[in-house]
Amino acid sequence: MNILVIDAGTSSIRGILYNKCGKSLFCHQIPYEVRFKGSVLAEQDASDWSRTIAEIAAETVKYCEKAAVSCDALALTSQRSSVIPVDKNGEPLSPAIMWQDKRNQEIAEEFRPMENLIHELTGARINTVFSGTKMTWIRRMEPEIYRRTHKFCTIADFITHEITGEYRTDHTYGSRSLLMNVRSRSWDARLLDIFEVNEEKLCELVEPGTVIGCVTEEFSKKTGLKTGLPLVSAGGDQQCAAVGHGVIGAGSLEITTGTGAFMLGYSEKVPDSLKNNVICGAHAIPGKYVLESSMLTCAALYNWTKKTLFADSEEESFTSVNEAVEASPAGANGCIVLPYFQGRGTPDWNAGASGCFADISLGTTRNDMARAVLEAIALEAKNNLDILEGYAGKLERIRIGGGLTRFAAFNQIQADVYQKRLIHNMGNGEQTALGAWAGAAVALKLYPDYDTALRQISSEDEQEAFSPNPARRQLYQEKQRRMNELYRQMYGGEYIFEREKLKNAAQGHCSEA
């Protein structure tokens, strides 16, 4: 059985056809871009997904015909918290409000007094990333769109409807909404009342690893895929990446450094001692959970570094930036960066935080600034890792992946900052898609469990390890302390929100619409 995995990320969507052994037969990737409007608004046309999903399916069919192989099923994984309101015909009523969008900050702040109850029910704090407050914003600021909305869709839900005509979403997306009870895994009446969202406007909740529909005749005519092929909802992209990295049992954890950075550890249940410094959500493995920390800018910040500090470079690649990082010593000659260029994620969800370079002298070079950016990303990850270890226990090894891990010097920075041995899969690099394949392979009875499915593919992975340099422990401990102290000095130890700036930007958008 060959399974087409559709992986809808933030910067691109790809389709990978895997055979029954988890070997990639064909891949078709299409880039796209989020439209950022100032520091608050982030949107994308829904046509990006309807267009690209049809192209991926059609190109896969062409490959199958040429190679004389079959496409027998589909699996879907996607970014998790963006919102598209659609009408009864499935037509988008507005551009997608992306997960990075902060127009809902004032609304999120309004609900802050109820945060203890919300955290108890959802496993997460109030924040601008999750989709619930985005729906509240639409209801209040775009009431006609809310009235006409038949369903609020994540990107995965929108793609699911394009392929199957069904409005279903799995628990991994529900647990990124602030509307799903993390223990009962159902839409919660108390949360719906708080966020002013009608349940009938939400998609049906199902377990991840569920066949959520079949290819319709309409999609078949458009793409050439056979009518009736099953589509498996494999779970959100970060949960699938965790599966692909082997986070399927106690004591396992992975860090993905992509557009943002995400750290996920396995949990059998919602911890009894759960505090509001970490996210507890549904895992891609049915009935299981992940403890998650997140950073809103990671590779996106390194992209900014290239465009801003190395604008004179004619190279499309990051060669000159990487060489600059390697030319600066550990510690970046004292240069410190607060890496909150799109706000801060966990542990305190400070959407008003911004980026900052500090401790700069006339001797500071752009080499130092570039290295300081990567060190700051690793140091903020260390802040979250310290919290996660409070739940999972001390970890000696961590698996790493994501775009930034292609740069070996960054992997060594991570190892030195965390003082952990890091394992990087070199050969494949498609842990999200492989995790989605494993989920679909289990759902379709190709393998009895995730461990068996992953063992099928792990033997072919080429791995590299990065061991920490003990001599740099104290250097990075002091730099972490200095970075955190600077953050406390700027934001009062908890959060200071730029209410008026965020409010005015969002209202300006509303009047333009």
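Nothing in this text is a laboratory measurement; each read-out follows from the coordinates by a stated rule. Bear in mind that the values here come from a model prediction, so they are computed numbers and not experimental data. Backbone-built Cβ (ideal geometry, glycine too); neighbour counts: all protein chains shown.
Think of the stretch 24-93 as having a plus end and a minus end, set by charges on the Cβ of Lys, Arg, Asp and Glu; of Phe26, Ala68, Ser82, Ser82 sits farthest toward the positive end of this dipole.
Can you put Ser11, Ser50, Ser361 in order, fewest other beta carbons within 10 Å first?
Sorted ascending by nearby Cβ count, the order is Ser361, Ser11, Ser50.
Across the chain, the relative contact order, built from alpha-carbon pairs under 8 Å that are at least six residues apart, equals 15 percent.
Just one of [x] 1.06; [y] 0.95; [z] 0.99 is Rg/Rh (Cα atoms, Kirkwood Rh) calculated from these coordinates, so which is it? It is the one labelled [y].
Here's the list of lysines a cross-link from Lys445 could span, going by alpha-carbon distance under 26 Å and ignoring same-chain residues fewer than 8 apart: Lys20, Lys23, Lys226, Lys269, Lys288. About the centre of its Cα atoms, the chain shows a dipole size close to 460 debye [charges on the beta carbon of Lys, Arg (+1) and Asp, Glu (-1) only; nearest 20 debye].
Residues in the stretch 243-249 carry Karplus couplings, in order, of 4, x, 8, x, 7, 10, x Hz; the curve used is 6.51 cos²θ - 1.76 cosθ + 1.60 with θ = phi - 60°, and Gly or Pro positions show x. For a test of the definition: using alpha carbon positions, the gyration tensor, and the 1.5 limit on a/c, classify the stretch 91-202 as rounded, prolate or oblate. Judged from the Cα gyration tensor, the stretch 91-202 comes out oblate (a/c at least 1.5, b/c at or above a/b).
Each DSSP beta bridge with both residues in the stretch 119-275 is either parallel or antiparallel, and the antiparallel ones are about 75%.
Using the average count of surrounding beta-carbon atoms within 10 Å as a protection proxy, the listed peptides 414-422, 347-355 rank, highest first, as 414-422, 347-355.
What list do you get for His283, His119 if you sort them by fewest beta carbons within 10 Å? The fewest-first ordering by Cβ neighbours comes to His119, His283.
Annotation: amide H of Ser78 within the under-5 Å range of Ala8, Asp237, sequence separation 5 or more or interchain, hydrogens built in the peptide plane.
Only helices enter the 222 nm calculation for the chain: every DSSP H run of n ≥ 4 contributes -39,500 (n - 2.57), and dividing by all residues gives -12000 deg cm²/dmol, rounded to 500. Roughly what % antiparallel, to the nearest 5, for the DSSP beta bridges in the stretch 324-478? Taking every DSSP beta bridge with both residues in the stretch 324-478, the antiparallel ones total about 60 percent. Taking the fewest neighbouring Cβ atoms within 10 Å as the starting point, the ordered list for Arg482, Arg472 is Arg482, Arg472. Cross-link partners for Lys306 among the lysines, with Cα-Cα distance under 27 Å and sequence neighbours closer than 8 places in the same chain left out: Lys37, Lys102, Lys382, Lys479. As a length-normalised measure over Cα pairs under 8 Å and 6 or more apart, the relative contact order of the stretch 3-238 settles at 21 percent. Taking other residues whose beta carbon is less than 12 angstrom from the beta carbon of Lys151, and scoring Lys, Arg as +1 and Asp, Glu as -1, yields -3.
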